[in-house]
Structure formats: structure tokens, C-alpha cells
Amino acid sequence: MSATALHDEHADHSHQTGFIRRWLMSTNHKDIGTLYMTWAIIAGIEGGVLSMIMRMQLAEPGNTLITSGQTWNAIVTAHGLIMIFFLVMPALIGGFGNWMVPMMIGAPDMAFPRLNNMSFWFLFMGFIFVNLGLLIGPGSGIGWTLYPPLSDSTFQPGPAVDFTLFSLHLAGISSLLGAINFIATILNMRAPGMTMHKMPLFVWSILVTAFLLLLAIPVLAGAITMLIMDRNFGTSFFEPGGGGDPVLFQHLFWFFGHPEVYIMILPAFGIVSTVVATFSKKPVFGYLGMVYAMIAIGFIGFVVWAHHMFVSGISHDSKIYFEAATLVVAVPTGIKVFSWIATMWGGSIELKTPMLWAIGFIFMFVVGGATGVVLANAGLDTDLHNTYFLIAHFHYVLSMGAVFGIFAGFYFWIGKMYGQQYPEFWGKVHFWTFFIGVNLTFFPQHFLGLAGMPRRYPDYPAAFAGWNYVSSVGSMVTSVSTLVFFYILFKIFTGKQVLADNYWGEGATTLEWTVASPAPHHTFEEVPVIR
Amino acid sequence: MSSEAHTAEGQIAGHVPHPYHLVEPSFWPLTGAISAILIATGIIFVAHYNDYWVLTAGVIGAVSTMFVWWRDVIHESRTPGLHKLVTQIGMRYGMALFIASEVMFFVGFFWAYFNFFFYPTHMGYLHAPVWPPQHITTIDPFAIPLFNTMVLLLSGTTVTWAHHALLENDRRGMIMGLGVTVLLGITFLCGQGYEYTHSPFNFYHGGIFPSVFFIATGFHGFHVIVGTTFLTVNFFRAIQGQFSVKRHFGFEAAAWYWHFVDVVWLFLFVCIYYFGRSAITAA
């Protein structure tokens with residue numbers, strides 16, 4: 001078949017298709033990426049509303065908004081699972097990964113477009129299931145960690161927990177198929193001349209993330225399969241009565257769970273690297289160091305899991321090993337932070353909204369990383385385990401790390417994705433209000449944790465009242481900030497600009513800036529040859 | 001990245017037509033996902049309400065989705081110009097990565113097994129710290145399990161026979177090799193079925209040993225069913241002459257999968273059947 005004939009055939013893949021063909025039957029990486037982004041925003045709203053409810057209840061001691069511990073646990077569970085599996089992962093991997101990876105490596109689409117679409121639909125179904133788990137009967141109050149015996153049939157026999165567990169199966173299959181797709185795309189579909197060591201750092205971050213997903217998700221699938229069997233089909237993997245071992249579940253869960261936290265943060269690393277380099281108008285400092293730091297983080301991520309289990313009765317020697325191995329993570333992470341700073345050093349820095357989010361990311365992620373070093377110590381963790389210190393720690397790396405990365409990517413690429421630029425002033429208002437809001441929410445939680453306030457309780461003694469009130473005020477500021485974000489979305493979707501191909505100009509060097517804004521349907525009908 | 005390439009356009013030396021296969025919009029991903037929630041809901045309905053209809057609908061939906069989806073893929077592979085070399089390589093990546101994830105799935109079950117095998121105290125103070133647990137009579141590894149090991153190892157050689165016949169353009173030999181492999185797969189499943197129905201311990205409320213035994217060997221058995229089905233499809237494709245000396249990845253994928261299933265069995269045989277056998281007592 002001649003090149004011309006091929007070209008004509010591809011022209012059929014244009015935007016001129018009906019709603020059902022375009023959105024329910026899509027085989028286009030950009031449309032599927034848009035579906036992911038849309039769904040991430042919807043899930044983010046739900047997860048955010050749940051956190052507002054929790055902060056309202058916790059604003060003062062003795063509040064009666066939520067009176068049942070089971071309801072509280074169900075809300076905590078849904079908040080955690082929705083934010084992790086249905087906001088952060090779909091936005092960073094499904095959304096930006098789908099949109100940007102093929103464009104950045106100079107490919108017209110993903111390797112397996114139908115599989116790509118099925119990844120999205122599995123995620124969608126998983127989201128329905130997690131909501132069934134929240135709403136059916138007393139809800140599933142098992143925490144995102146799903147530990148038995150709390151999650152076994154003795155304590156929560158109803159179908160709600162099964163829906164929650166199956167929602168993780170569905171989301172897991174979605175991630176697994178996505179991971180296979182990304183790895184095959186990145187290894188097999190780079191434009192001529194685009195060697196591995198020339199790939200943009202965001203592509204590298206998605207590649208490492210995809211390998212983590214590929215190797216971690218199936219272990220979770222095995223663990224929740226065993227839990228479902230224990231609950232419904234008479235096995236006793238985790239039930240001591242039959243000779244089972246609940247700590248086994250913790251091992252299996254965290255063998256998945258620890259890589260999972262890097263799965264959430266590595267794509268944000270990639271976005272921040274891209275944004276910092278663009279707005280400093282300098283190439284990333286120490287490109288190879290950045291690449292191998294991500295690989296090192298990915299590798300170490302698989303051998304530190306039991307630092308989540310310091311109080312589960314693991315042996316002294318295990319604690320020493322897992323503490324030391326965990327502290328090693330700080331080395332490649334330090335390489336990344338110093339390289340971002342060195343990238344900015346001497347650069348011609350432009351503080352546009354994406355850059356604000358990226359710098360905010362670096363600042364807040366370092367705070368979260370430092371409390372991570374604290375918690376890595378088995379001795380300190382014995383006291384701080386499951387206190388609000390931990391809550392503060394992982395919200396600093398998630399709700400200020402991963403989420404700041406998402407917003408940095410959103411403001412950086414929305415013009416390329418939708419063809420309309422965000423309003424700069426309101427973007428900055430969004431950043432500053434969000435920055436103040438989340439810090440006000442989570443910084444006091446360090447103090448609450450050090451004072452001994454445990455997580456997952458709907459009430460507390462009056463001694464913890466002050467900082468809890470501050471924290472709840474912070475969450476209100478964050479929700480007002482989110483309204484600003486909705487206004488920005490409204491401005492973007494009603495805009496009538498004509499955007500340049502490379503609207504950031506000098507500094508934006510990746511291949512997506514060589515095509516129109518919004519990017520054409522299959523980007524590269526003819527692939528670029530890289531020098 | 002070198003500094004002279006520090007503009008977006010500056011990196012591009014020219015353009016060439018892309019060699020990839022961009023597929024048409026398809027309904028099957030959505031029907032696949034709907035089937036998946038029917039299966040998940042179906043299992044919950046079986047467990048809580050003893051209702052099998054939703055599960056049945058889900059399984060029918062999933063099998064039908066696979067049928068029509070892979071029918072499309074086979075059709076595309078036989079349409080000249082769609083599956084160029086780079087697309088074929090992409091499929092190899094896809095299958096290899098899928099098998100890697102399957103390996104990790106079994107790692108979870110082996111982990112559960114070794115958690116008790118190496119540390120019998122993890123069974124808790126209610127149970128004597130010995131493995132296999134007290135009052136468990138295990139299956140003699142040198143009866144059906146050894147026979148099944150031989151069956152699977154033999155099937156590994158017959159699938160290689162089929163492969164070499166294909167490479168020699170000997171269609172009759174390929175069909176023979178594949179047919180024998182499928183029969184050996186079915187033989188294995190019959191042996192496993194006999195073993196399960198005559199096992200000295202019960203799955204339901206039988207305690208930790210039957211739990212890890214049946215989940216590890218059961219998921220392996222399920223993979224044998226899948227692999228046998230995969231080989232059967234290739235058997236019929238071979239009869240229709242759909243494979244050529246140069247292009248037969250559908251067959252290779254099935255062979256890779258079959259070898260994976262084989263290797264998992266070897267670990268099961270050594271670790272669970274042989275290491276985990278009870279002390280030999282006078283009969």
C-alpha cells in the first residue's frame with residue numbers, strides 16, 4: 001500500500017465522528033486521555049467533598065455530623081481509594097501520560113489503542129464499584145489498606161466490602177493494561193533518532209511508573225483475591241482460627257502499596273522536571289542523573305515495604321533492614337531535588353502559573369520527604385505510627401506533591417490539549433489560595449500527631465481542639481480555591497483564542513510544541529526524525 | 001540533551017511516513033468492561049445471594065468480547081499493510097509484559113505458601129508450629145503430581161515440535177504437534193480434577209494448608225485451561241493455514257504462555273507437593 005493511500009485512510013480518523021464513536025468506542029490516545037482527565041476531575045470532586053465532610057466533623061470536639069464510627073470509616077476508605085486510584089493515577093498516568101507520551105516520543109498513538117480504551121472503561125467501572133462500597137448497607141469501613149481482620153467477614157460481613165475489593169481488582173486491571181501499553185509504546189514506537197537517553201523526562205517517569213505497576217499490581221490482585229476468598233468461600237489465609245496470618249496480608253499489601261506511592265509521585269516528578277526546565281529556559285540539569293535517580297527510586301521502592309509494618313510485630317533485624325533501606329530512598333530523591341534547583345540556578349525564570357505549582361511542589365515535597373525520613377526510623381515510628389503526623393506526612397507528598405504536579409501539568413498543557421489558554425491572573429489566585437489552604441490544613445496535623453492524636457477517629461479530646469480547628473479552616477480555604485479552579489475551567493472552555501504552536505516559546509523543547517494547539521487528532525501522520 | 005537541540009523544532013531533521021497500525025474505533029473495550037463488572041457483581045451475588053445468573057451473563061459477555069475482539073485482530077493481521085514489522089514487535093512486547101505480570105500474580109500465592117512453610121509459627125499459637133500442619137494428610141507427590149509433571153514437560157516438547165514443523169513449512173506436522181499438545185493439556189486437567197475430587201483435605205473451612213494448596217494449584221489449573229484454549233484456537237488456525245514461516249505470532253504467543261504455565265507447575269510441584277509433603281508413615 002502506498003504512503004498516499006495510507007494517508008487517506010488515516011484521514012478517516014478525524015474529529016468528524018459521532019459522539020458514540022468518539023467517546024464510547026475511542027481508539028485515540030488524546031480522546032482517551034481526555035476521558036481520563038474528565039473522570040479524574042469528577043472523582044477529585046467526590047474525594048474532596050468527602051474530605052470536607054471529615055474536616056467539618058473534626059472542626060470541634062463533640063461534633064455530631066457523623067455519629068457512627070462505621071460511617072466515618074466508610075468515608076475515610078472512600079476518600080483514600082478515590083483520591084489514589086481515581087484521581088491521582090488517572091490524571092497523571094491515564095490523562096497526561098496518554099496525551100503526552102505518544103506526542104513526546106513522536107508517535108501517532110499508543111501501541112494498543114483498544115486496550116487503552118479498555119483501561120479507561122475498567123477504571124470507570126471501578127469507580128462505580130467504590131461508590132457502591134461506600135453506599136451499600138453500612139458501607140465498607142476498611143481503610144484504603146484493607147487490613148483483615150477488620151475487613152473479614154466476622155466484622156463486616158455485608159457485600160459492601162466485596163464491592164470495594166472488586167473495585168480495586170477493576171482499577172488494578174485498568175492500571176495493568178495501561179502499564180503494558182505504555183511500556184510497549186515507549187520501547188517500540190519512538191521516532192527515528194529518539195534514543196532512550198534523548199527521551200523527555202516525563203516519558204522516562206511514565207516508563208518507570210509503568211514497570212512499577214506491572215510488577216506490583218498483580219501482587220495486590222493476589223492479596224485481595226485471597227481476602228475475597230476468606231470472606232466468602234471458606235478459606236483462612238488471614239484468619240488465625242484456621243491457621244492463617246493477618247500479617248501476611250500486610251506484607252502482600254505493602255509489597256504493592258509502597259511501589260504504589262512512587263507510582264503516584266514519579267509522573268509528577270516528570271512533569272515538574274519539564275515545567276522547571278521550560279520556565280528557567282535551560283535544559284534540565286543532570287539529565288542522566290535524573291533518569292537513573294528515577295530508576296533507582298523505582299527499584300528501591302520494591303525492597304522497603306515493611307517500613308509500613310514497624311508495629312506489626314516484625315523482627316528486630318527486619319526493622320533494622322527496612323529502616324536502613326528506606327533511608328536510602330532519600331539519596332536519589334535528593335539528586336532530583338538538587339537537580340531541579342540547579343536547573344533554576346542562573347536560569348531566566350518566568351513565574352507563570354505552571355512554574356508556581358512546580359516550585360510549590362518542590363518546596364512541599366521536601367517537607368513531606370523530611371517527615372518521611374523521620375517516619376522511616378523504626379523507633380520514632382513506634383510512637384508516630386497511625387497518628388496525624390503520618391497523615392500530615394503523606395498529604396504533604398500527595399495532596400501537595402502529586403496534586404501540585406497534576407496542576408502544574410494542567411496549566412502547562414491545557415492550551416496544547418484544548419487550544420485555549422487559562423487566565424494567568426486566576427491561575428495565580430488558584431495557586432496561592434490552594435497553597436495557603438493545604439498548608440493550613442496539613443501543617444498543624446504534624447503537631448496533632450506529635451501530641452498523640454490517632455487517625456481514623458471521628459472525635460477527639462478537647463486538648464486537640466485548637467489545631468484541629470485551624471486544620472478545618474484550611475480545608476475551607478482549599479475548597480474556595482477549588483471554586484476558583486472551576487471558574488478557570490469555565491473561562492478555558494468558553495475561550496475563543498487562537499494559540500500558537502509553542503505558546504511558551506523558548507525553553508519548551510519537547511515534540512508536542514512542534515504541532516498545532518490543540519494538537520491534531522493523531523499528531524504525527526508523518527513521524528519526525530530526531531537529530 | 002545537547003544545547004543546540006534546545007528548541008522544539010531544532011531537534012527535527014525531517015519527517016517519514018509512520019509504520020504503525022492505527023485501529024478503527026471499537027465497541028469491544030466497553031463490552032469487555034461491562035462483562036467485567038457483571039463477573040465481579042456475579043461473584044458477589046454467588047457469595048451473598050446464591051444467585052448464578054449475573055456471573056453466567058458476565059462470563060458469556062467476556063468470552064464473546066474476547067471472541068469478537070481477537071477475530072478483529074486476526075482479520076487485521078491478514079489485511080496487507082496493517083501489521084508491519086514494528087506492529088508485530090509491539091505485540092511481542094505486549095505478550096512478554098503480560099506474562100511478566102502473570103508471574104508476579106503467582107509470586108503472591110507462593111509468598112503466602114512460604115510464609116507458612118518457612119515460618120510455621122505464623123499459623124499462630126492455636127496451631128503446632130509444623131508444616132504441613134498437624135492432622136493434614138498431603139497428596140503423594142510421586143503419584144498423580146509426578147505424572148502431571150511429565151505430561152506438562154512432554155507438552156512443552158510437543159509445542160516445540162509444532163513450532164519447528166511450522167518453521168519447516170510442514171503444516172501437517174504442526175497440526176499434529178499442536179493437537180498432541182492440546183490433548184496433553186486436557187490430560188493434565190483430568191489428572192488435576194481427579195486429584196481435587198479425591199484429595200485428603202477439604203477446601204471449604206479446611207484451614208490454611210488447603211487454602212494455599214488450592215489457590216496456588218487452582219489458579220495454575222485455570223491458566224492451563226486458558227493455555228489449552230489458546231492452543232486449541234491456534235490448532236484451528238493452523239488447519240485453516242493462517243500461519244506462515246515468517247508470520248505466526250499468534251502461535252508463538254500461545255507457546256510462550258504454555259511454557260510459562262509449565263514453569264509455574266514445576267515450582268508448584270517442587271515447593272508445594274514435594275517440599276510440603278507430610279512425613280512418610282507406615283501405610
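The values are calculated or read from the model by the stated rules, or taken from the named source; none is laboratory data. Please read all numbers here as calculations on a predicted model, not as lab measurements. Neighbour counts are summed over all protein chains in view; Cβ atoms, including those assigned to glycine, are modelled from backbone coordinates with ideal geometry. Each accessible area value is taken on the protein alone, full model and side chains, heavy atoms only, with ligands, DNA and RNA left out. Shrake-Rupley method; radii C 1.70, N 1.55, O 1.52, S 1.80 Å.
Go through the residues of region B:221-242 one by one and say whether even a single one is within 14 Å of chain A (Cβ to nearest Cβ), in contact (Cβ under 8 Å) with a residue 40 or more places away in the chain and either in a helix (DSSP H, G or I) or open to solvent by 10 Å² or more (accessible area, probe 1.4 Å) (or both). Yes: one or more hits.
Taken together, A:Phe431, A:Phe412, A:Phe442 contain a single residue that is within 23 Å of the chain's Cα centre (by Cα) and within 30 Å of A:Pro520 (Cβ to Cβ), which is A:Phe412. From the list A:Val304, A:Val261, A:Val272, A:Val247, exactly one residue is more than 14 Å from every other protein chain (Cβ to nearest Cβ) and closer than 30 Å to A:Pro157 by Cα. Which is it? Going through A:Val304, A:Val261, A:Val272, A:Val247 in turn, just one is more than 14 Å from every other protein chain (Cβ to nearest Cβ) and closer than 30 Å to A:Pro157 by Cα: A:Val261. Selection of region B:44-78 for residues being at the interface with another protein chain (Cβ under 10 Å from one of its Cβ atoms) and open to solvent by less than 50 Å² (accessible area, probe 1.4 Å) yields B:Ile44, B:Val46, B:Ala47, B:Thr65, B:Trp69, B:Asp72, B:Val73.
State the number of residues belonging to region A:181-201 that are open to solvent by 10 Å² or more (accessible area, probe 1.4 Å), within 7 Å of chain B (Cβ to nearest Cβ) and either part of a helix (DSSP H, G or I) or among the hydroxyl-bearing types (Ser, Thr, Tyr) (or both). Final tally of qualifying residues: 3. Selection over region A:19-40 of residues that are touching a residue at least 40 places away in the same chain (Cβ under 8 Å), open to solvent by 10 Å² or more (accessible area, probe 1.4 Å) and more than 12 Å from chain B (Cβ to nearest Cβ) gives a count of 4. Here B:Ser199 passes the criteria (1) open to solvent by less than 40 Å² (accessible area, probe 1.4 Å); (2) hydroxyl-bearing (Ser, Thr, Tyr); (3) in a helix (DSSP H, G or I) except the one numbered (3). Going by what's in this entry, would A:Met196 be described as within 16 Å of A:Leu165 (Cβ to Cβ), without any contact (Cβ under 8 Å) to a residue 12 or more places away in the chain and not charged (D, E, K, R)? No; evaluated as a whole, the condition is false for this residue.
So which of B:His122, B:His75 ends up being touching an Asp or Glu at 6+ places or on another chain (Cβ under 6 Å), free of Cβ contacts under 8 Å to residues at least 24 places away in the same chain and either of a type outside the set (Lys, Arg) or in a helix (DSSP H, G or I) (or both)? Walk me through how you get there before you give the answer.
Details: B:His75 fails: touching an Asp or Glu at 6+ places or on another chain (Cβ under 6 Å).
After applying the criteria, what remains is B:His122.
Here region A:108-166 is the region considered, the condition is being more than 12 Å from chain B (Cβ to nearest Cβ) and of a type in the set (Phe, Trp, Tyr), and the residue that is surrounded by the most Cβ atoms within 10 Å (Cβ to Cβ) is A:Trp144.
Looking across region A:457-479, the residues that are outside any helix (DSSP H, G or I) and either hydroxyl-bearing (Ser, Thr, Tyr) or farther than 22 Å from A:Gly143 by Cα (or both) come down to A:Tyr457, A:Tyr460, A:Pro461. Output the residues belonging to region A:483-528 that are open to solvent by 50 Å² or more (accessible area, probe 1.4 Å), within 16 Å of A:Tyr411 (Cα to Cα) and in contact with a Pro (Cβ under 7 Å, 6 or more places away or on another chain). Scanning region A:483-528 gives a single hit, A:Lys491. Of the listed requirements (1) at the interface with another protein chain (Cβ under 7 Å from one of its Cβ atoms); (2) under 24 Å from A:Thr185 (Cβ atoms); (3) touching a Pro at 6+ places or on another chain (Cβ under 6 Å), B:Lys84 misses just one: (1).
Which of the residues spanning region B:257-270 are under 15 Å from the mean Cα position of the chain (by Cα) and either small (Gly, Ala, Ser) or surrounded by 18 or more Cβ atoms within 10 Å (Cβ to Cβ) (or both)? Answer for region B:257-270, where residues must be under 15 Å from the mean Cα position of the chain (by Cα) and either small (Gly, Ala, Ser) or surrounded by 18 or more Cβ atoms within 10 Å (Cβ to Cβ) (or both): B:Tyr257, B:Trp258, B:Phe260, B:Val261, B:Asp262, B:Val264, B:Trp265, B:Leu268. The set of residues in region A:208-244 being open to solvent by 10 Å² or more (accessible area, probe 1.4 Å), farther than 22 Å from A:Pro159 by Cα, modelled with pLDDT of 95 or more and touching a helix residue (DSSP H, G or I) at 6+ places or on another chain (Cβ under 6 Å) consists of A:Val208, A:Leu215. Of all the criteria given as (1) among the aromatic types (Phe, Trp, Tyr); (2) open to solvent by 10 Å² or more (accessible area, probe 1.4 Å); (3) under 16 Å from A:Met264 (Cβ atoms), the one not satisfied by A:Trp204 is (3).
Using the structure shown, decide if B:Ile89 is modelled with pLDDT of 95 or more, surrounded by fewer than 15 Cβ atoms within 10 Å (Cβ to Cβ) and over 16 Å from the mean Cα position of the chain (by Cα). Talk me through it step by step, then tell me what you get.
Values: modelled with pLDDT of 95 or more: yes; surrounded by fewer than 15 Cβ atoms within 10 Å (Cβ to Cβ): no; over 16 Å from the mean Cα position of the chain (by Cα): yes.
It is false that B:Ile89 is modelled with pLDDT of 95 or more, surrounded by fewer than 15 Cβ atoms within 10 Å (Cβ to Cβ) and over 16 Å from the mean Cα position of the chain (by Cα).
Quick one: is B:Ser35 surrounded by fewer than 16 Cβ atoms within 10 Å (Cβ to Cβ), in a helix (DSSP H, G or I) and either charged (D, E, K, R) or more than 7 Å from chain A (Cβ to nearest Cβ) (or both)? Steps first, please.
Numbers: surrounded by fewer than 16 Cβ atoms within 10 Å (Cβ to Cβ): no; in a helix (DSSP H, G or I): yes; either charged (D, E, K, R) or more than 7 Å from chain A (Cβ to nearest Cβ) (or both): yes.
No; evaluated as a whole, the condition is false for this residue.
Counting residues in region A:48-69 that are part of a helix (DSSP H, G or I) and at pLDDT below 95 gives one or more. For region B:166-177, the condition of being within 26 Å of A:Pro218 (Cβ to Cβ), of a type outside the set (D, E, K, R) and part of a helix (DSSP H, G or I) holds for none of the residues.
Could you tell me which residue of region A:224-244 is farthest from the other protein chains (Cβ to nearest Cβ), considering only residues that are in a helix (DSSP H, G or I) and touching a residue at least 60 places away in the same chain (Cβ under 8 Å)? Full working, then the answer.
If we filter region A:224-244 for residues that are in a helix (DSSP H, G or I), which is where we start, we get A:224-232, A:240-242.
Pick out the ones that are also touching a residue at least 60 places away in the same chain (Cβ under 8 Å) and you get A:224, A:227-228, A:230-232.
On the way: A:Ile224: 10, A:Leu227: 11, A:Ile228: 7, A:Asp230: 8, A:Arg231: 8, A:Asn232: 4 Å.
Looking at the filtered set, the residue picked out is A:Leu227.
Here is the figure for region A:202-223: residues that are hydrophobic (A, V, I, L, M, F, W, C), more than 10 Å from chain B (Cβ to nearest Cβ) and under 30 Å from A:Gln250 (Cβ atoms) total 4.
Mind telling me which of the residues B:Phe209, B:Phe188 ends up being open to solvent by less than 20 Å² (accessible area, probe 1.4 Å) and within 14 Å of chain A (Cβ to nearest Cβ)? Working first, answer last.
On the way: B:Phe188 fails: within 14 Å of chain A (Cβ to nearest Cβ).
From the options B:Phe209, B:Phe188, the qualifying one is B:Phe209.
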